Amino acid sequence: QVQLQESGGGLVQAGGSLRLSCAASATIFRRLDWGWYRQAPGKQRDLVATFGSDGNPIYSEAVKGRFAISRDNNKNTLYLQMNSLKPEDTAVYYCNYRPFGVQYWGKGILVTVSA
């Protein structure tokens, strides 16, 4: 069982930056199976960023060029650097780990971007 804990969310003005962190309670062996999702009010949960099979980051079109996913393998921590934030980035952000198809989710953290 892996528990995921997000941190770093909050309220920021448009154009600002935030960095989200996701700390795992256990060693993450399948390091490409981490990712960030988000769910805006009244909408479905969508992928924001993850790693491809070649280890390179994959981003949704909505955040490409503004967000950056990274990880610290020694700390079992995943990050999401969010720059040039827009009001439409307002959502609950979730950390996801999916080894061999098993889904682990954090509780989510709210990011609110004011205009």
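Only Cα pairs under 8 Å and at least 6 apart count here; give the relative contact order of the chain as a rounded whole percent.
So the answer I get is 36 percent.
How large is the convex hull of the Cα atoms of the chain per residue, expressed in Å³ as a whole number?
About 97 Å³ per residue, rounded to a whole number.
Give a residue-ordered list of calculated ³J(HN,Hα) values for the range 72-88 (Karplus: 6.51 cos²θ - 1.76 cosθ + 1.60, θ = phi - 60°; whole Hz; x for Gly, Pro).
10, 5, 5, 9, 6, 10, 10, 10, 9, 8, 10, 10, 6, 5, 10, x, 6
Starting from the residue with the highest accessible area, list Val102, Val48, Val92 in decreasing order, probe 1.4 Å.
From most exposed to least exposed: Val102, Val92, Val48.
At 7 Å along Cα-to-Cβ for each site, give me the label-to-label distance between Glu61 and Ala26 in nm.
3.8
DSSP loop (so not H, G, I, E, B), at most 12 other Cβ within 10 Å: list which trypsin sites (Lys or Arg not before Pro) in the range 49-102 pass both filters.
Here the sparse-neighbourhood loop sites are Lys64, Lys75.
Pick from Leu11, Leu80, Leu32 the residue whose mean-square fluctuation is largest in a GNM of the chain, springs joining Cα atoms under 10 Å.
With Cα springs under 10 Å in the chain, the top fluctuation among Leu11, Leu80, Leu32 is at Leu11.
With a 1.4 Å probe and all protein chains kept in place, how do Asp46, Asp54, Asp72 rank by accessible area, largest first?
Ranking Asp46, Asp54, Asp72 by accessible area, largest first, yields Asp54, Asp46, Asp72.
Tell me, what ³J(HN,Hα) does each residue in the range 59-65 have, in order and in whole Hz, if you take phi through Karplus 6.51 cos²θ - 1.76 cosθ + 1.60 with θ = phi - 60° and put x for Gly and Pro?
Here the 3J(HN,Hα) series is 10, 5, 4, 5, 10, 4, x Hz.
The values are calculated or read from the model by the stated rules, or taken from the named source; none is laboratory data. This structure is a prediction, so every number in the text was calculated from the model and none was measured. As a convention, Cβ positions derive from the backbone with ideal geometry for all residues, glycine included, and neighbour counts pool all protein chains shown. All accessible areas refer to the heavy atoms of the entire protein, side chains included, with ligands and DNA or RNA removed. Shrake-Rupley method; radii C 1.70, N 1.55, O 1.52, S 1.80 Å.
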